[in-house]
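Below is one structure; the comments refer to it alone.
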Amino acid sequence: MSRRILTPDQHTCHRLSGGHSQPLGCTRAPWPLSRHRRRHPPPHHRAAPPLVSICVLISLTNTQDSQGDGDKDKNPMDEDKGKEPMAFLKKIKSLQDEEKEWKAKNDGLVGRESQTAELVKCLTEARVNSLPVMSVWGIAQVGKSALVKKLFYDAVLHLQDFHSDKDPTEECHRLLEKGWCLIVIDDLRSKKDWDMIQAALVSKHHKSVVIVITTDRTIAEYCTNNKDLVFNVKALEADAAFHLFEKQVLKKSSPYPLKDQVASVKCLISKCGGLPKVISAIAVLLATKTNKRKETIHSLNERFMHHLETDPEYDNLQDLFAWMHSYFRTCPDALKPCIFYLSIFPQDQIIRRRRLVRRWIAEGYSRDSQNESAEENGEKHFSELLELSIIQQISSSSSVNSSAFSVDVVRMVMCQVNGFIREYVVSRRLEENLVFELGGKCALTTQRTGRHLVILVDWERDGIVFAKMDFSRLRSLTVFGVWKSFFISESMKMLRVLDLENSEALNDGDLDKILEWLRRLKFLSLRGHIEINHLPGSLHHLRQLQTLDVRGTSITTLPGKITKLEKLQYIRAGTMGLKPPVSSRCCSWLPEFCRCHRPTTSAEVPTEIEIGEVSETMSLKPPVSSGCCSWLPEFCRCHRPPTSAEVPTEIGEVSETMGLKPPVSFGCCSWLPEFCRCHRPTISVEVPTDIGELIELHTLGVINITASGAKKTVKELKKLTQLRKLGVSGINRKNSGIFFSAIKYHAHLESLSVSLDKDTTRWCCFIGKDNNSQGCLDDMVSLPCKNLRSLKLYGLEDKLPKWEGEQPVKFGKLTKLELDMASLPEDVIRFVGGLPELCILRVKQHQHHHLNFCVMVNGFEDESYKKVKILEISCSRGLHVSFGSWTMKKLEVLKVECDGGSYTFSGLENLEELQEVVQVKGSKDQALKQQLDQQLADEQPKEKKPVVKLE
């Protein structure tokens, strides 16, 4: 049991209700901390809003170490029990009723299961290690106080009310001397306030823990002086937000009255940004509306921020807006433009982290400082916005508790802007004169000026409207949807950023015009434009260019004069991965059966090949139920020379009756018409022989080191000592030695992707045992691993370099590992399981049908994969995956894709923290989902059963 101390005027603390609007009967000093030592505040302070609350929970059980000190073990409340037993029991009963009522109304805090568990662990660590202070922080109304309150009710099952007329800090100090307490200081706003009270509350001799709740990360870190005890509360994920909304509506109106407005409601909830109090306020309003619900939802979607700030129904959100106004008013000058810049991206738009950071650099929002580069400062800005929930994670691992990941350790790939923050920024961005959107049926107005122009998918592409706009101050142009040639104007001479990643139908003629007119570009992205197959020689005119992103295009060679771009830092081309990106524009004009939308990294020859009728004139007639070119031989389906392949040693003639024989030089589909061969993104690109002149480069890939001569290319790579991210293909036993030797001393390298090829033919395959694969592996031992965070290896057989036993030293910072192998035998499983900081593991196994994550040492199972939270498995055929009793105890997300068969699992019950199983859609997806659902229901406790999703 525990007790609470109330302030002299018996105020009730409402801060700890967070986003779920129920008060906690804990104390709050009703005057500023700078004066709270006064016995009674002056009258004019009584009406002032309290600045802080103090809640003290004192254990009534003997929690001290047994060392024979009877007086210290005596509970300070025993005296009160004897004097007023009836009043005492009534108070206990009242608090127990309050606990039940709060839990009933708040439904256990929707979507907070993992964060609650992490908070309990944080408190336990503080207690076990005698650390006196931990901090909980996050954006206003995100639910910090409610989360801590739930901790009270869960960790201290029965609360005991203790009333005192004494000074709260002095009384806290007295109780701390007597027994173990859990103290909560809510809404701490300054370091000065903490300095004034910590001496009374914090002592190395006390066994108590103080929890500080604040909206400021710097204050949170200042109070604890221990980053491991700083807990960041983030906004709710989309699914949890919708679940909370439904629950709040059903409390007021049952059955659920909004079934016919699902799309509009989800759009509205997205604008709430995962803030529980905002979601609840809107849910209550819509639930109580007996008519015009549809009109209300439409009006809220159209003028969301206006309604929340002006309508009396939302008066309970004024504290949130007060914090928002204060935050943006005091926001650091370096960070504020980064936040306003986020409104460039439409609601729910998925954004790559690198894309955003590189754009900030091009705009001058992130610059080099004395001790850090512009890239490092940009990453810090991103991390800070992520912690504030201004940016939210979005990925296949969206359910993973982000508080468990350090943003400095595991860098997020994808994100999206918090819907509430975006609406707030959009409602004010015209004041900043930053961003203007062309969307819907945009008409001419006087507002056609600004620094950043966004063309949305639903804009009607009106050339007359566009021609009337003033582009003299334009700094960036971002296009979503169909591209039109008139989007580029000679008057855009000040343009710094041209981002066409989310556009369609660009052509080479437009690209020539871009390079001719936009000479001041610093950022150029053509990512995903598979229709672009070359970069004009005039590229060298962009002397200010820092970022060039042509990943996912059909560009195979970088122009020789690119080396004249001395400021170029970032080159992304080709593609590499277990499953390369899919382009929606790939062969979209072909009949469905001819569209091989997925560029494979390997040619996967199926056990059985279904062949349709192929006439002498090569007219192709697929079977009725054909998948993506599944009726063609596999070697004819991949539309490109692969970087690696699990091709059998004997393919031979497919069939005399088929009339198809592979060409002598195994070119990819060379017997097909040209239009069937070129609609694919390039895997890697050829670089100029003097690429080493670009000494500012820190990101380069994917490049083919054999295309322009391995020795020359490797010699140039050796000069690029500032590289942080490198992707290469074409590594074989002849060039592996010089390549790994060249990058051996690249001390800044943080990310490395390597694809191994067979050196005797252009038909890429695994390095087999008969091809001296050990030579490549021996050369790889010298990899610069000390600072590596991410390592990707493709085209391996069944071995890794001889790194066994060196995991803590060589790979002390490695958090992401991707392996594409024929099989993962026991020694590979053991090595990977011993990587100390590994959080994300992706594996693709091609040949064997069994994958066993279990590490045995001297006949006993050893604990392994201790920090892995995300596991992605891909296979070419049927696969059985098993998990040992002591493996992946922290795993939260399991993602699986099997191209050519089914998959089964055993040992799922050992994955104690598994939250989500993501199943990539395939031919048997529904049956496999049902089977997996049933297995999890049988093996997992009902309250902990992971969710199975199709992707």
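The values are calculated or read from the model by the stated rules, or taken from the named source; none is laboratory data. All values reported here derive from a predicted model rather than from experimental measurement. With ideal geometry, Cβ positions are generated from the backbone for all residues, glycine too; neighbour counts draw on all protein chains shown. When the accessible area is computed, the model is the full protein with side chains, heavy atoms only, and any ligands, DNA or RNA have been set aside. Shrake-Rupley method; radii C 1.70, N 1.55, O 1.52, S 1.80 Å.
For segment 332-358, give me the residue count where each residue is open to solvent by less than 10 Å² (accessible area, probe 1.4 Å) and either in a loop (DSSP other than H, G, I, E, B) or among the hydroxyl-bearing types (Ser, Thr, Tyr) (or both). Of the residues in segment 332-358, 4 are open to solvent by less than 10 Å² (accessible area, probe 1.4 Å) and either in a loop (DSSP other than H, G, I, E, B) or among the hydroxyl-bearing types (Ser, Thr, Tyr) (or both). Of the residues making up segment 374-397, those that are part of a loop (DSSP other than H, G, I, E, B), open to solvent by less than 30 Å² (accessible area, probe 1.4 Å) and among the polar types (S, T, N, Q) number 3. Taking into account only those residues within segment 506-530 that are touching a strand residue (DSSP E or B) at 6+ places or on another chain (Cβ under 8 Å) and part of a loop (DSSP other than H, G, I, E, B), which is farthest from Val728 (Cα to Cα)? Selected residue: Leu518. For segment 263-297, a residue qualifies if it is at pLDDT below 90 and among the β-branched types (Val, Ile, Thr), and the qualifying residues are Thr288, Thr290. Each residue in segment 480-537 was checked for being surrounded by fewer than 22 Cβ atoms within 10 Å (Cβ to Cβ), small (Gly, Ala, Ser) and farther than 19 Å from Phe466 by Cα, and 2 of them qualify. Can you find a residue that is under 26 Å from Ser343 (Cβ atoms) and in contact with a strand residue (DSSP E or B) (Cβ under 8 Å, 6 or more places away or on another chain) anywhere in segment 531-540? Within segment 531-540, not a single residue is under 26 Å from Ser343 (Cβ atoms) and in contact with a strand residue (DSSP E or B) (Cβ under 8 Å, 6 or more places away or on another chain). Restricting the search to strands (runs of 3 or more DSSP E) fully inside segment 822-863 and requiring at least 2 residues that are open to solvent by 20 Å² or more (accessible area, probe 1.4 Å) gives 850-853, 855-857, 860-862. Within segment 875-917, the residues that satisfy the criterion of being over 25 Å from Gly859 (Cβ atoms) and small (Gly, Ala, Ser) are Ser876, Gly878, Gly900, Gly901, Ser902. Given (1) at positive phi; (2) modelled with pLDDT of 90 or more, identify the lone condition not met by Val417. Unmet condition: (1).
Please work out which residue is surrounded by the fewest Cβ atoms within 10 Å (Cβ to Cβ), limiting yourself to segment 456-479 and to residues that are touching a helix residue (DSSP H, G or I) at 6+ places or on another chain (Cβ under 8 Å) and touching a residue at least 40 places away in the same chain (Cβ under 8 Å). The qualifying residue surrounded by the fewest Cβ atoms within 10 Å (Cβ to Cβ) is Arg475. Could we say that Ile767 is buried (at least 20 other Cβ atoms within 10 Å of the Cβ) and at pLDDT below 75 here? Yes. Just so you know, in segment 886-943 the residues that are among the basic types (Lys, Arg) and at pLDDT below 80 include one that is least open to solvent (accessible area, probe 1.4 Å), and it is Lys924. If the condition is being surrounded by fewer than 19 Cβ atoms within 10 Å (Cβ to Cβ) and not hydrophobic (A, V, I, L, M, F, W, C), then segment 101-115 contributes Glu101, Lys103, Lys105, Asp107, Gly108, Glu113, Ser114. For segment 854-861, the criterion of a residue being on the phi > 0 side of the Ramachandran plot and among the polar types (S, T, N, Q) is satisfied by at least one position. Among the residues of segment 712-758, those that are part of a strand (DSSP E or B) and small (Gly, Ala, Ser) comprise Gly727, Ser729, Gly730, Ser751, Ser753, Ser755.
The set of residues in segment 249-267 that are more than 28 Å from the chain's Cα centre (by Cα) and closer than 10 Å to Ala283 by Cβ comprises Val249, Leu250, Lys251, Lys252, Ser253, Leu258.
A Cβ distance below 9 Å, combined with a sequence gap of six or more or placement on separate chains, defines the contacts here; from segment 794-819, residues that are under 13 Å from Gly833 (Cα atoms) and open to solvent by less than 10 Å² (accessible area, probe 1.4 Å) reach residues that are at pLDDT below 85 and not in a loop (DSSP other than H, G, I, E, B) in the pairs Trp803/Met780; Trp803/Lys810; Leu814/Gln807. If the condition is being under 16 Å from Phe420 (Cα atoms) and in contact with a helix residue (DSSP H, G or I) (Cβ under 9 Å, 6 or more places away or on another chain), then segment 347-386 contributes Gln347, Asp348, Leu385, Leu386.
Per-residue answers, yes or no, for (1) among the small types (Gly, Ala, Ser); (2) over 21 Å from Leu814 (Cβ atoms); (3) buried (at least 21 other Cβ atoms within 10 Å of the Cβ); (4) modelled with pLDDT under 90:
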site: Ile703; (1), (2), (3), (4): no, yes, yes, no
site: Ser708; (1), (2), (3), (4): yes, yes, no, yes
site: Lys712; (1), (2), (3), (4): no, yes, no, no
site: Lys719; (1), (2), (3), (4): no, yes, no, no
site: Val728; (1), (2), (3), (4): no, no, yes, no
site: Phe739; (1), (2), (3), (4): no, no, yes, no
site: His746; (1), (2), (3), (4): no, no, no, no
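Of the residues making up segment 542-557, just one is open to solvent by 20 Å² or more (accessible area, probe 1.4 Å), assigned to a loop (DSSP other than H, G, I, E, B) and under 13 Å from Val702 (Cα atoms), namely Thr556. When the helices (runs of 4 or more DSSP H) confined to segment 271-314 are screened for residues that are farther than 19 Å from Leu244 by Cα, those reaching at least 3 such residues are found at 293-302, 304-310. Glu372 meets the conditions (1) touching a Lys or Arg at 6+ places or on another chain (Cβ under 8 Å); (2) at pLDDT 95 or above; (3) among the charged types (D, E, K, R) in every case but one. The failed one is (2).
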